[in-house]
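Engineer: Pasting in a structure now, in structure tokens, and then I'll have a few things to ask.
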Amino acid sequence: MTSPSYRVIAFSGSLRKSSVNTALVLLAQRISPPELSIELVDWVDQLPWMNPDLEVDPPEAVVRWWQTLRDADALLVGMPEYNASPTALAKNALDWATRPPGDRAITGTVVAFMSAAGRSGGANAQTNISRVLGYLGAVMVDEPPVQLTAVGDRIDADGHTDDPAIIEAVAAKLAAVVDALRLRDAAPD
Ligand SMILES: Cc1cc2nc3c(=O)[nH]c(=O)nc-3n(C[C@H](O)[C@H](O)[C@H](O)COP(=O)(O)O)c2cc1C
């Protein structure tokens, strides 16, 4: 068996107990290809609200988040959509990821979103923030999109599902993450 060559961290942008976006992250962990080791970061709610004043002497959670990002090859986010935007939880974690200016923790990280939401499937939440993170130096894996609607009764809170469409969508995203990491590593400096 191949040992994982890439370290992926993953968080969910929902705090809801039966969150379908957390379920997608847990499913990804379960069906992860051998090239990826996916570690769940379940403490992004401990990050303080973004306040540049805090960057002078960053709190422990912020230092830990920056280090966790720097140690990872990729970041996977279960991204719910609230009012056509990322949830405040996800946005706050991603805002911190773009700091400090000049040495952004997210620089060079391969980033992929998976969403289960209402009618939009999370497309609105993903689009704007994806463009900005790409501009700030993340390597965005937007294709193939994981933007699922009405999946609440087809996946349980632990990410168990026998719906091939959900499994295939998540598997395809993980395969695209592997491809992006290989491409990143093959690129000349
Ligand atoms: C305040 C609020 C706003 C929402 N806005 C949207 C929206 O703009 N588009 C959408 O597709 N779903 C929207 N939804 C539905 C959520 O995306 C859906 O409930 C989703 O399951 C939440 O993710 P979770 O199960 O991971 O908590 C909204 C839900 C809430 C609570």
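Engineer: Criterion first (without any contact (Cβ under 8 Å) to a residue 24 or more places away in the chain and within 12 Å of the chain's Cα centre (by Cα)) does S130 satisfy it?
Structural biologist: Considered against the rule, which asks whether it is without any contact (Cβ under 8 Å) to a residue 24 or more places away in the chain and within 12 Å of the chain's Cα centre (by Cα), S130 comes out as yes.
Engineer: Something else: Pairs only if they're at least six apart or on different chains, beta carbon under 6 angstrom, first in segment 75-101 and more than 13 Å from the ligand (Cβ to nearest atom), second part of a strand (DSSP E or B); list them, first residue then second.
Structural biologist: Correct list of pairs: L75/I9; L75/V111; L76/V8; L76/A10; L76/A112.
Engineer: Could you check segment 102-119 and list, in sequence order, the residues that are within 27 Å of E168 (Cβ to Cβ) and more than 16 Å from the ligand (Cβ to nearest atom)?
Structural biologist: Within segment 102-119, T109, V110, V111, A112 qualify.
Engineer: While we're here: May I ask you to list the residues in segment 19-44 that are within 7 Å of the ligand (Cβ to nearest atom) and more than 12 Å from the chain's Cα centre (by Cα)?
Structural biologist: Answer for segment 19-44, where residues must be within 7 Å of the ligand (Cβ to nearest atom) and more than 12 Å from the chain's Cα centre (by Cα): S19, V20.
Each reported figure results from applying straightforward, stated rules to the coordinates on display, with no laboratory input. Small disclaimer: the values here were computed from a predicted structure and weren't measured. Reconstructed Cβ throughout: ideal geometry from the backbone, glycine too, with neighbour counts over all protein chains shown.
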